[in-house]
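Written out below as C-alpha cells is the structure these notes cover.
The values are calculated or read from the model by the stated rules, or taken from the named source; none is laboratory data. These figures come from a predicted structure and were not determined experimentally. Cβ: placed from backbone, ideal geometry, glycine included. Neighbour counts: every protein chain shown.
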Amino acid sequence: MIPTTAASEPRSLATLVDTIVPYGSIARPDHWFKNVFMIGGVVLAAFYSPTIIEAFPWIKLVLGLVAVCLVASSNYVINEILDAPKDIGHPVKRMRPIPSGRVKFPIAYAEWIVLGIVGTFIGWLVNMPFFLSAVALWVMGFFYNVPPFRTKEVPYLDVVSESVNNPLRLLMGWFVVTPEIVPPVSVLAAYWMVGAFFMASKRFAEYRLINDKAAATAYRSSFRHYNEERLLVSMFFYTAACALMLGVFIVRYKLELLLSVPLLAGFFSYYLHVTFKENSPVQNPEHLYKQYGLMIYLAVTVVIFFGLLFVEVPALYELFNVTPSQLKSLWTIGS
C-alpha cells in the first residue's frame, strides 16, 4: 500500500505548478521574440561604429535582452489585468488566466511592479541611456493600459502609442553598443511606422474575426470608430510613412539599401495577404512562426537588408547622382 504522504507529494507538486503557471503565462514569455527589434539597433550601431564591436563586452547585450524582456513582461501583466473585464466577451481571450479566474489580482499587481523594477534595474547596469529607454518602455506601457490615460481605447492613438515600443527597442539595442550618440531620427521613425502597420493589421484581423460591430465595440472601445475601410486606410498610411522615412535614411546614409526595397515591399504585401486569412494569425504575432513562408521570406529580407549596410556599390551613387556617405563599409562591389 502506498503511504498517504508519498501519494500526496505528486499531487501537491502538480497543484503548485498549476498555481504558478498562470502567473508566468500573463507575463507572456512567448512574446519575447518581439524584442528581436533590439538586435536591429545593435547591427545599426555596428554599421556606424565598427571599431567599437571589436572590444564590445557582450555580457551587456545579454543583460540588455534580459532587461527588455522583463520590462515588456511587466507591461504585458498590467495589460492582462486591466483587459480582463473585456476579455471575458472575446471568443478566444476569455480563456486567458485572469478572465478564467486562475490568477489573484493582488499577486498579479505585485508581479507587474516587481518585473518593472527588476527589468529597469538591470537596464541601469548596462548604462544610463539604456536605463532611460527601458524606463520609457515601461512608462509607455503604463499610459497604454492604465486609466484615465489608457491610450489603447483611443482610435489611432492606440496603434501609434503601442508601436512606439519598436523604436524604443531599437534605441536600447543601439545604446548597448554606443551610448554616446543617438541613431538617425529617420530610421527611428521608419521603425515606428512599421510597428504601427503591424498593430493596425492586428486590429483589422480582430475586427474581421468578431464580425459584429456591437460585440467588437464591447471588446475594444476603439472599434466604435474603426471599421474595415478605416483600418485598411490607416495601414496604407503607416506603410507609406515607413517607406518615406526609410527613403530619407537610405539616401542620406546608405544608398545600397535601395537593392532591398523590392524585398521590403514584397514583405508588406505578404503580411497583408496573411492578414486577410480567416482567423488570421496576425491577431497573435507569437503564432506567426507557424507561417513558414512568411518567416523564410522575412529572414531573407532581414539578412539582405542588414548585410547591405556593410557593402559598397559605387555605381548606384553615379546612377542616382547621390553623394556617398562618409561612413566606411566592409566590402566594395565594383569600382
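Structure summary
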item	result
Qualifying residue in region 223-241 (condition: in a helix (DSSP H, G or I), outside the structural domain of Val154 (by TED's automatic domain parsing), closer than 15 Å to Lys152 by Cβ and modelled with pLDDT under 90)	no
Filtered residues of region 190-215 (kept if over 16 Å from Met235 (Cβ atoms) and surrounded by fewer than 23 Cβ atoms within 10 Å (Cβ to Cβ))	Leu209, Ile210, Asn211, Asp212, Lys213, Ala214, Ala215
Some residue of region 214-227 being among the β-branched types (Val, Ile, Thr) and in contact with a Ser or Thr (Cβ under 6 Å, 6 or more places away or on another chain)	no
Filter result (assigned to a helix (DSSP H, G or I) and among the charged types (D, E, K, R)) within region 26-58	Asp30, Lys34, Glu54
Residue check, Glu228 surrounded by fewer than 17 Cβ atoms within 10 Å (Cβ to Cβ), closer than 22 Å to Val160 by Cα and in contact (Cβ under 8 Å) with a residue 40 or more places away in the chain	no
Residue within region 200-214 that is within 21 Å of Leu246 (Cβ to Cβ), outside the structural domain of Tyr76 (by TED's automatic domain parsing) and in a helix (DSSP H, G or I) present	yes
Odd one out for Phe131, checked against (1) assigned to a loop (DSSP other than H, G, I, E, B); (2) free of Cβ contacts under 8 Å to residues at least 12 places away in the same chain; (3) under 19 Å from Val66 (Cβ atoms)	(1)
Residue within region 1-23 that is modelled with pLDDT of 70 or more, among the small types (Gly, Ala, Ser) and either more than 22 Å from Glu162 (Cα to Cα) or not assigned by TED's automatic domain parsing to the domain that holds Val194 (or both) present	no
Residue that is surrounded by the fewest Cβ atoms within 10 Å (Cβ to Cβ), among those in region 95-121 that are touching a residue at least 60 places away in the same chain (Cβ under 8 Å) and either touching a strand residue (DSSP E or B) at 6+ places or on another chain (Cβ under 9 Å) or closer than 11 Å to Tyr23 by Cβ (or both)	Ile107
Some residue of region 132-150 being at positive phi and either out of contact with any strand residue (DSSP E or B) (no Cβ under 9 Å at 6 or more places or on another chain) or of a type in the set (S, T, N, Q) (or both)	yes
Positions within region 180-189 being surrounded by 17 or more Cβ atoms within 10 Å (Cβ to Cβ) and part of a loop (DSSP other than H, G, I, E, B), in sequence order	Pro183
Counted residues, region 145-172 - those being under 18 Å from Arg224 (Cβ atoms), in contact (Cβ under 8 Å) with a residue 24 or more places away in the chain and part of a loop (DSSP other than H, G, I, E, B)	5
In region 122-152, residue surrounded by the fewest Cβ atoms within 10 Å (Cβ to Cβ) [restricted to those that are out of contact with any helix residue (DSSP H, G or I) (no Cβ under 8 Å at 6 or more places or on another chain) and over 16 Å from Ser73 (Cβ atoms)]	Pro148
